[in-house]
Structure formats: C-alpha cells, structure tokens
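K.L.:
Got a structure for you, questions after.
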Amino acid sequence: MFATRFAPSPTGRLHKGHAFSALTAWSAAKAARGRFVLRIEDIDPTRCRPEYEAAILEDLAWLGLDWETPVRRQSDHLDDYAAAIADLRGRGLLYRCFRTRKTILDSLGDAPHGAMEAVRPGPHDPAEEAERLRQGQPFAWRLWLDRAREALGEATWTGLSFIEEGQGPEGETGRIAVRPEVAGDVVLARKDAGVAYHLAVTHDDARQGINHVIRGQDLFEATHVQRLIQTLLGWPAPTYRHHRLLAGPDGRRYAKRDRSVTLAELRAGGLTARALRAELGFSSVG
Ligand code: GLU
C-alpha cells in the first residue's frame, strides 16, 4: 500500500512552505488511498521544543489534514537508533570524531562555501583518540565512506540509484545515479544526541513502511546519502518525489530562519484554511 509522510522538526512555527509540503504528501496519500504518517523529528536537543510540536499538530489539523496515530516522536526511540549505530560500528563503517565545527572549518581554510557539508576528516590517530577518550571528551560517529565502499563492493557502490518521480533542483528525474560522496563522511551520531538526521530519518522511513518519500527539493542531496545508509543497513528503497520550494513575495523561499509568516499569524489575521489551500493549488481538497 502507498505510504508517505510529513516529517517536520519542532524548531519553530510552520509557515506556508510547510503547508505546501504537507498538503502535497497528504493529497498524494489520499489520491492513492494510501497511508499518511506524521512524524516529529525532534532529535536536536538544542533546537526542538515541545510547544512547537503541539503547534504543528494544531496547524495541520486547521489545514484540514488527518494522519495515523500514534504519531512517532523520534526522541522516544533513541534506543532503536543506537542499535543501528552499533550495527554499523560493529562492521567498522563508522569512526569517532572529536573535532568541533570550528576546528573543521579552520582546517578547510579558504575552501568554498558549502564545503562544510562535504568534509571527510577521517579517523584520528589512535594514540590521540585514546587520550581524548581517557579525558572523557565528547565525540560524534561519522560514516566512513572508504570503508562503506569496500564493504559494499565496487559494483554495488557504483550501481546505487533511486527513482525520482518529481524533480531535483536541476530538473533531475527518473532513475538517478547516487553520488555517495556528495555530503562527505556524514555524522550519523551527534555528540549531544547519540543520533543524527540521516540515520533517524532512514530508520523511521523503513520502520514505518514509507515507500514514497515526498518532500522539498532542499532535501534532494540528502537522498543520495540516505540511499547509501539504506543499502548498508538492508532497508528497502522508497521512491522519491521532491517538490518545488515555495517562494515568498520577495521571490526567496520560505524558511524558518527568515521568520517567514507563520500559519498561526495568517490564521490570526483572518485567512481561512480553504483560502490557503486554494492559494497553494489544492482547491479540490476539503
Ligand atoms: N525533519 C526534516 C525537516 O524538517 C525533514 C525530513 C525529511 O522529510 O526527510 O527538514
């Protein structure tokens, strides 16, 4: 059965871009008479807040959406993620990283913007690692791409792909060859949370039987990383549908950090859910 999801992080109030994304996934589920799952991705202890989670449920209900219950909250499942991390560690596919964001940035020098995403610092020297461990310094676990490549073998590594039913930012569609190196040796377990986005999201998509991932084009690159993780852990490959990003009146995309107009503010200003759905191109809904 068709199953998709909307997976917001409770780090702020939802805005029109979220409404568009949620409606896109929900409408696809309805059209296919499939499942629609709402998942709260709250593994970032510094940025997530319970009041934002409550607001997400309120905003989506106002918009006219319904979803399966109980809603999965990632912070309730840290043991599951730890088990997946332990599996990868046991196979030698991860390495400890004690570096801070700042030391990595400094080591990159004048590297172009965006290089932060593609860092591959590699394991520490064993003596240094032992000393840092002895001192009790916190560390992250990074995916060791070189080892992953060896483990999968050249044919599998170069043959990784996914089906894009929508479009990537450059118009990519159809069968897409995965570029596993695109984001570098990604962190799979953060220092502070014991898990990180790519691991938690792939784990939950598999666990919840999500076979269609519908989300914004801003996560197109993430799909390359996620297909690699799914392959390493033997999890099924969903098909993907990346949708365009909604632009605000100034032509820039909506983002939480810009404090774009929130659904709560629009509602308080008298906008009805019906009018918003029509504006976003979902006039037949509700
Ligand atoms: N939690 C992610 C976000 O809010 C979305 C995850 C996903 O759709 O894969 O950006």
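Conditions tested, residue by residue: (1) surrounded by 22 or more Cβ atoms within 10 Å (Cβ to Cβ); (2) within 20 Å of the chain's Cα centre (by Cα); (3) at pLDDT 95 or above.
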{"residue": "15", "(1), (2), (3)": "yes, yes, no"}
{"residue": "18", "(1), (2), (3)": "yes, yes, yes"}
{"residue": "63", "(1), (2), (3)": "yes, no, yes"}
{"residue": "76", "(1), (2), (3)": "no, yes, yes"}
{"residue": "85", "(1), (2), (3)": "no, yes, yes"}
{"residue": "92", "(1), (2), (3)": "no, no, yes"}
{"residue": "103", "(1), (2), (3)": "no, no, no"}
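K.L.:
Continuing with the same structure: Of the residues that sit in segment 147-167 and are in contact with a strand residue (DSSP E or B) (Cβ under 6 Å, 6 or more places away or on another chain) and not acidic (Asp, Glu), which one is farthest from residue 191 (Cα to Cα)? Please lay out each step first, then the result.
P.N.:
Narrowing segment 147-167 to residues in contact with a strand residue (DSSP E or B) (Cβ under 6 Å, 6 or more places away or on another chain): 161-166.
Narrowing the set further to residues that are not acidic (Asp, Glu) leaves 161-163, 166.
Working: 161: 30, 162: 30, 163: 33, 166: 35 Å.
The extreme case among them is 166.
K.L.:
Looking at segment 70-80, is at least one residue farther than 28 Å from residue 165 by Cα and within 14 Å of the ligand (Cβ to nearest atom)?
P.N.:
Applying the first criterion (farther than 28 Å from residue 165 by Cα) to segment 70-80 yields 70, 75-80.
Still in the list and also within 14 Å of the ligand (Cβ to nearest atom): 75.
Within segment 70-80, one or more residues are farther than 28 Å from residue 165 by Cα and within 14 Å of the ligand (Cβ to nearest atom).
K.L.:
Which one of the conditions (1) open to solvent by 30 Å² or more (accessible area, probe 1.4 Å); (2) at pLDDT 95 or above; (3) out of contact with any Ser or Thr (no Cβ under 8 Å at 6 or more places or on another chain) does residue 268 fail to meet, given that it meets all the rest?
P.N.:
Of everything listed in (1) open to solvent by 30 Å² or more (accessible area, probe 1.4 Å); (2) at pLDDT 95 or above; (3) out of contact with any Ser or Thr (no Cβ under 8 Å at 6 or more places or on another chain), residue 268 misses just condition (2).
K.L.:
Still on this model: So which residues in segment 42-58 are assigned to a loop (DSSP other than H, G, I, E, B), surrounded by fewer than 20 Cβ atoms within 10 Å (Cβ to Cβ) and of a type in the set (Asp, Glu), if there are any at all?
P.N.:
The answer is 44, and nothing else.
K.L.:
If residue 99 meets every condition in (1) at pLDDT 95 or above; (2) of a type in the set (Lys, Arg); (3) assigned to a loop (DSSP other than H, G, I, E, B) apart from one, which number is that one?
P.N.:
In the conditions (1) at pLDDT 95 or above; (2) of a type in the set (Lys, Arg); (3) assigned to a loop (DSSP other than H, G, I, E, B), residue 99 misses (1) alone.
K.L.:
Sticking with this structure for a sec: Tell me, yes or no, whether segment 119-134 has at least one residue that is of a type in the set (Lys, Arg), open to solvent by less than 70 Å² (accessible area, probe 1.4 Å), part of a helix (DSSP H, G or I) and modelled with pLDDT of 95 or more. Don't jump to the end; show me each part of the working.
P.N.:
Taking segment 119-134 as the starting set, the residues that turn out to be of a type in the set (Lys, Arg) are 120, 132, 134.
Narrowing the set further to residues that are open to solvent by less than 70 Å² (accessible area, probe 1.4 Å) leaves 132.
Next cut, part of a helix (DSSP H, G or I) only: 132.
Now narrow it down to the ones that are modelled with pLDDT of 95 or more: 132.
Checked against the condition, which is being of a type in the set (Lys, Arg), open to solvent by less than 70 Å² (accessible area, probe 1.4 Å), part of a helix (DSSP H, G or I) and modelled with pLDDT of 95 or more, segment 119-134 yields at least one hit.
K.L.:
Only one of (1) of a type in the set (Gly, Ala, Ser); (2) within 15 Å of the chain's Cα centre (by Cα); (3) on the phi > 0 side of the Ramachandran plot is not met by residue 234, so which one is it?
P.N.:
Checking residue 234 against (1) of a type in the set (Gly, Ala, Ser); (2) within 15 Å of the chain's Cα centre (by Cα); (3) on the phi > 0 side of the Ramachandran plot, the one that fails is (2).
K.L.:
Inside segment 175-207, can you point out the residues that are part of a strand (DSSP E or B), open to solvent by less than 30 Å² (accessible area, probe 1.4 Å) and farther than 15 Å from residue 97 by Cβ?
P.N.:
The first filter runs over segment 175-207 and keeps only residues part of a strand (DSSP E or B), leaving 175-177, 187-189.
Filter once more, keeping what is open to solvent by less than 30 Å² (accessible area, probe 1.4 Å): 176, 188-189.
Within segment 175-207, just 176 meets the criteria.
K.L.:
If I filter segment 1-19 down to residues being over 14 Å from residue 56 (Cα atoms) and not in a strand (DSSP E or B), which single residue comes out as farthest from the ligand (Cβ to nearest atom)?
P.N.:
Looking at the filtered set, the residue picked out is 1.
K.L.:
Output the residues belonging to segment 147-172 that are surrounded by 13 or more Cβ atoms within 10 Å (Cβ to Cβ) and among the charged types (D, E, K, R).
P.N.:
147, 149, 150, 164, 165, 172
K.L.:
Only residues that are open to solvent by 20 Å² or more (accessible area, probe 1.4 Å) and more than 14 Å from the ligand (Cβ to nearest atom): list them for segment 20-34, please.
P.N.:
Kept after step one, since they are open to solvent by 20 Å² or more (accessible area, probe 1.4 Å), are these residues of segment 20-34: 24, 26-27, 30-34.
If the condition is that a residue be open to solvent by 20 Å² or more (accessible area, probe 1.4 Å) and more than 14 Å from the ligand (Cβ to nearest atom), then 27, 30, 31, 32, 33, 34 are the ones that fit.
K.L.:
Of all residues in segment 59-76, which are assigned to a helix (DSSP H, G or I) and in contact (Cβ under 8 Å) with a residue 60 or more places away in the chain? It would help to see each step written out before you state the result.
P.N.:
So in segment 59-76, the residues assigned to a helix (DSSP H, G or I) come out as 59-63, 74-76.
Selection gives 59, 62, 63, 74.
K.L.:
Moving on to the next point. For the subset of segment 208-236 comprising residues that are buried (at least 19 other Cβ atoms within 10 Å of the Cβ) and not in a helix (DSSP H, G or I), which member is farthest from the ligand (Cβ to nearest atom)?
P.N.:
212
K.L.:
Can you find even one residue in segment 145-157 that is closer than 26 Å to residue 217 by Cα and within 16 Å of the ligand (Cβ to nearest atom)?
P.N.:
no
K.L.:
Here are the criteria: (1) open to solvent by less than 60 Å² (accessible area, probe 1.4 Å); (2) at pLDDT below 95; (3) touching a strand residue (DSSP E or B) at 6+ places or on another chain (Cβ under 9 Å). Tell me which single one residue 144 does not satisfy.
P.N.:
Against the list (1) open to solvent by less than 60 Å² (accessible area, probe 1.4 Å); (2) at pLDDT below 95; (3) touching a strand residue (DSSP E or B) at 6+ places or on another chain (Cβ under 9 Å), residue 144 comes up short only on (2).
The values are calculated or read from the model by the stated rules, or taken from the named source; none is laboratory data. Model, not experiment: these values are computed from the prediction. All Cβ positions, even for glycine, are placed from backbone atoms using ideal geometry, and neighbour counts span all protein chains on display. Please note that ligands, DNA and RNA were not included when accessible areas were found on the heavy atoms of the full protein model with its side chains. Shrake-Rupley method; radii C 1.70, N 1.55, O 1.52, S 1.80 Å.
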